[in-house]
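The values are calculated or read from the model by the stated rules, or taken from the named source; none is laboratory data. What you are looking at is a predicted structure, and each value in this text was computed from that prediction instead of being measured. Here the Cβ positions follow ideal geometry from the backbone for every residue, glycine too, while neighbour counts run over all protein chains shown. The protein model used for the area step is the full one, side chains on, heavy atoms only, and it has no ligands, DNA or RNA in it. Shrake-Rupley method; radii C 1.70, N 1.55, O 1.52, S 1.80 Å.
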Amino acid sequence: QVEVVESGGGLVQPGGSLRLSCVVSGFPFTTLVMNWYRQPPGQKRELVAAIPSFGTGRIYVDSAKGRFTTSRDNARNTVYLEMTNLKPEDTAVYYCHAPRFDRWGQGTQVTVST
């Protein structure tokens, strides 16, 4: 069974940085496309970033371009979301998603506030 577990959220001031991690188990990680989504309070879940199983292509939502970077460490079965210059509007629960199995993690809260 594929499991997805996020970590790394927290409270950060505007302009600060956080790195989210997502560990995947139960399936050969190197073959999986992985997505990051977020759901702000009272809003719909939206795709933030996507990373292919191999290669350099990445997809980012416009509001994240230039500030967020997704990467993967196949030896650790882990995908990362590095977030810099965080803004209050980045406040949300962030989710890791394996689309091949439509498998979601439990989410990790990111709060950007003074």
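So what is the accessible area of the range 55-114 per residue, in Å², with the probe set to 1.4 Å?
In whole numbers, the range 55-114 has 53 Å² accessible per residue.
Determine, from the Cβ-Cβ distance of Gln109 and Thr69 and an R0 of 22 Å, the FRET efficiency 1/(1 + (r/R0)^6), rounded to the nearest 0.05. The calculated FRET efficiency here is 0.60. At full extension, Arg76 and Glu89 could sit 1.6 nm farther apart than now, given 0.36 nm per residue minus the alpha carbon distance. The coefficient of translational diffusion for the chain, derived via Stokes-Einstein from the alpha carbon Kirkwood radius under 20 °C and 1.002 mPa s, stands at 153 µm²/s. Based on Cα contacts under 8 Å between residues 6+ apart, the chain shows a relative contact order of 37 percent.
Determine the share of the range 23-114's accessible area contributed by carbon and sulfur atoms, expressed in whole percent, with a 1.4 angstrom probe.
52
Evaluated at q = 0.13, 0.18, 0.22, 0.28 Å⁻¹, the base-10 log of the normalised Debye intensity for the range 5-62, with identical point scatterers placed on the Cα atoms, takes the values -0.45, -0.83, -1.13, -1.30. Between beta-carbons, use under 13 Å as the cut-off and find the net charge around Thr69, counting Lys and Arg +1, Asp and Glu -1. That works out to +4.
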